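I have placed the structure first, in the form of structure tokens, so that the comments after it can refer back to it.
The values are calculated or read from the model by the stated rules, or taken from the named source; none is laboratory data. This one's a predicted model, so the numbers in the text were calculated from it and none came from an experiment. Please note: Cβ atoms are built from the backbone with ideal geometry, for glycine as well, and neighbour counts cover all protein chains shown.
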Amino acid sequence: MHLPFFRVLAAVLVAAPSLVVAQDTTSRGVRIGLTYDPGTKPGVVVLPVSTALGDSVAAIVSRDLDLGDRITVIPLDASASRAVARAGAPNWSLLAQLGAAAAIQVTPTPSGLHLAVYNVATRQTALIRDYVAPPASSVRAWRSAVHGLSDELEQSLTGTRGISRTRVLFTRGGRLWLIDSDGHGESPLAGAVTPGSAAWHPNGRTITYSTYVPSQIVVQDIGGRGRTVASGRGVFISPVFTPDGASVVYAHGEDDGVDLYSVPASGGAARRLSVGRGSDNVSPSFSPDGRRIAFMSGRAGHPEIYTMDADGTNVDLLTPLDVGESAYRASPDWSSDGRLVAFQSRIDGQFQLLTVGLRDRALKQLTSDGSNDDPSWAPDARHLVFVSNRSGTRQLWVIDAESGRARQLTRGASVRLPSWSPRLGEP
Amino acid sequence: MRRLALLSAAVLALGGCVASKRDVFLLQTQLSTMQSAAARADTARSAQVAAVLNQIVQSNDSVRAVSARLAKLQSTVATDHYEMGRQILQIQELSGQSQRRLQELRASLEERSQMAAAPPVPVQGDTTRAVPSGPGPAQLFQSSLDQLRRGSARVARSGFEELLRTYPRSEDAPEAMIYIAETYAAERNQVAADSVYGLVVQRYPSSPKAATALYKHAISIRAAGRTAQARAAFERIVREYPRSDEASLAREQLKTF
């Protein structure tokens, strides 16, 4: 059906390899000027592909774009599917009637994936690109390649890179687990036993986590062996990497309160950062530029969220001080765009997720259904993964902080302490 | 001669027997007396020993009681100290909050008083209100801080500098200068930031922000390899601002030299 079009396209690509290179180079980060109503999400139709794996690719890309919450994927029924992609070219008038700003076609090729984006308003091809992908038999690597394509596509369409090629770390049953951001590929991580909270290195290949027995902070490459960077008497909890990945900041304490410490990620002497004077200071989270740390402290009598400079000075209360006895704010996580800190706050006896603006200190409540805690931002600074009991057991959920749309990520045994990865490279 | 010897022996033997009985009796009496005396002495000694033991026990009890009281006192003192620390911290937090609220309130009041002081001038055909003469120190401080929080370091710096120029004696001046340093740090201009931190310590040594500025200055010069000067700066923090958070951090830094 599309053979003539793609034959012409293939001939052009083969005859002009320099053109392919040019496309590859310039298409990264290029905006496609779509026409759609301001304030709305652009409608996109993912055109069907009648080749082996075509349905799978279309389904994955459609779901990735949908879960990104920046694009409306227009569903097609069987007759529309047949009519929308006529021989030779997209059915422009039908696409326009469906409200599509763009049509997308991803075709599996022997070496990977071929992407074509059509601008419905201009009736022109807006983007052509070829991706090298591993064979579909390498399921995880192949799915990762498709997610990578989806993320670049989302960047081209909206200006913001997608988050489908990311993963979430969490603890379940005394072990660390990993799951893709779309809910696939759930698997335990080898090596980490009795872990507390875990966090990602900015490189997306290394993690740090705490264990209770023995009490320690571990740095470990995914698939590799862990090495202890801090241990001893008392508690060692809530480690995070600094944004440059050079150090790990964690909470350590014995009988006289808990303070934040910094240790080189390669090991070495630890240095105290917070002066809690007997209070508990835990859950550090860095601003994207690495200059400030948000953390939870009980120094005012009950847990609140504070910020301080990365050297431990200039401590400032971030959340508005609540003098109520039930006041309890914890688990801060700084968004990657630096604008918001997400945290959990006890409201009517249950934890709910809120965000506070760094510029205006404005609070926004994100959840109200069940008990919701331990938020962790996605790298797009828009989605959060968190733990909720709204389905009956404590499971991971993802919420779009702008629209409030939520989806369940895990099922099965209860989970805790999620951490969303940075954008990942090839697996 | 032989008979005489036998007789003498017999007399001696008989005589010995008679003397021995008496002696034994005497001896028994003496022994009995001695035993009684010894028993009396033992009784007295054991009484003394018992008395001494009793005294030791009493002393031990006293020592134990004193020790318990001391431990309790230490515990009370430690608890009090801990509680005092917490209370000081809470007061600091609350006063910090109040200060920030007051700062915002002052800014708001300044704005209102300016509006009130400058009533609209009735000009024919002009319906606009008169423009206030200029922002007060609290207004300048607040708007500059807002700019810094929004990430506009340069604009924020202009505002803080304007505050220092226009209101050099304002109570916000030391903090404004600290924030000027922060704007440089936000722009990764560490040399300029360090220089301004030094100025804060020089101009406002009694400000609560002086310890922060000095600590940042010390960290910066240590990173630059000026170890002796850094050490001196950390020691100065401990000496001159012993109750500050920065003093606690400086003590830890000093352990690593």
Review point. Taking the stretch A:388-403 on its own, how many of its residues are in contact (Cβ under 8 Å) with a residue 60 or more places away in the chain and more than 12 Å from the chain's Cα centre (by Cα)?
Key: 4
Exercise for review: Could you check, for the stretch B:170-179, whether at least one of its residues is surrounded by fewer than 17 Cβ atoms within 10 Å (Cβ to Cβ), more than 23 Å from the chain's Cα centre (by Cα) and away from chain A (no Cβ under 12 Å)?
Suggested key: yes
Revision key, fill the gap. Contact list, first residue from the stretch A:257-273 and on the phi > 0 side of the Ramachandran plot and in contact (Cβ under 8 Å) with a residue 24 or more places away in the chain, second anywhere and among the small types (Gly, Ala, Ser) and assigned to a loop (DSSP other than H, G, I, E, B), beta-carbon distance below 7 Å, six or more apart or interchain, is A:GLY257/A:GLY276; A:GLY257/A:GLY278; A:GLY257/A:SER279
Point to revise | Residue in the stretch A:39-59 that is at pLDDT 90 or above and of a type in the set (Lys, Arg) present | key: no
Practice item. Within the stretch A:123-132, track down each residue that is farther than 11 Å from A:LEU153 by Cβ and free of Cβ contacts under 8 Å to residues at least 24 places away in the same chain. Key: A:GLN124, A:THR125, A:VAL132
Review point. Within the stretch A:404-416, is even one residue touching a residue at least 24 places away in the same chain (Cβ under 8 Å), under 14 Å from A:PHE343 (Cα atoms) and among the aliphatic types (A, V, I, L, M)?
Key: no
Revision key, fill the gap. A:TYR212 passes all but one of the listed conditions (1) more than 23 Å from A:GLU304 (Cβ to Cβ); (2) within 14 Å of chain B (Cβ to nearest Cβ); the exception is number (2)
Check your understanding: Consider A:PHE170 against the criteria (1) in contact (Cβ under 8 Å) with a residue 24 or more places away in the chain; (2) under 17 Å from A:ALA58 (Cβ atoms); (3) not small (Gly, Ala, Ser): it satisfies all of them except one. Which criterion is unmet?
Key -> (2)
Exercise for review: Among the numbered conditions (1) in contact with a Ser or Thr (Cβ under 9 Å, 6 or more places away or on another chain); (2) surrounded by fewer than 23 Cβ atoms within 10 Å (Cβ to Cβ); (3) in contact (Cβ under 8 Å) with a residue 40 or more places away in the chain, tell me where A:ARG346 comes up short.
Suggested key: (3)
Review point. Does the stretch A:258-273 contain at least one residue that is hydroxyl-bearing (Ser, Thr, Tyr), surrounded by fewer than 17 Cβ atoms within 10 Å (Cβ to Cβ) and over 28 Å from the mean Cα position of the chain (by Cα)?
Key: no
Check your understanding: Across the stretch A:333-380, what is the total count of residues that are charged (D, E, K, R) and within 14 Å of chain B (Cβ to nearest Cβ)?
Key -> 5
Practice item. Quick one: B:ARG236 ticks every box in (1) of a type in the set (Lys, Arg); (2) under 20 Å from the mean Cα position of the chain (by Cα); (3) within 14 Å of chain A (Cβ to nearest Cβ) except a single one, so which number is it? Key: (3)
Practice item. Kindly indicate whether B:GLU235 is surrounded by fewer than 21 Cβ atoms within 10 Å (Cβ to Cβ) and at pLDDT 95 or above. Key: yes
Exercise for review: Return the only residue of A:SER197, A:SER181 being touching a strand residue (DSSP E or B) at 6+ places or on another chain (Cβ under 7 Å), over 26 Å from A:VAL61 (Cα atoms) and not hydrophobic (A, V, I, L, M, F, W, C).
Suggested key: A:SER197
Review point. In the stretch B:185-201, which residues are more than 12 Å from chain A (Cβ to nearest Cβ) and either without any contact (Cβ under 8 Å) to a residue 24 or more places away in the chain or under 17 Å from B:SER144 (Cβ atoms) (or both)?
Key: B:ASN189, B:VAL191, B:ALA192, B:SER195, B:VAL196, B:GLY198, B:LEU199, B:VAL200, B:VAL201
Exercise for review: For the stretch A:374-381, state whether one or more residues are in contact with a Leu (Cβ under 8 Å, 6 or more places away or on another chain) and farther than 17 Å from A:PHE170 by Cα.
Suggested key: yes
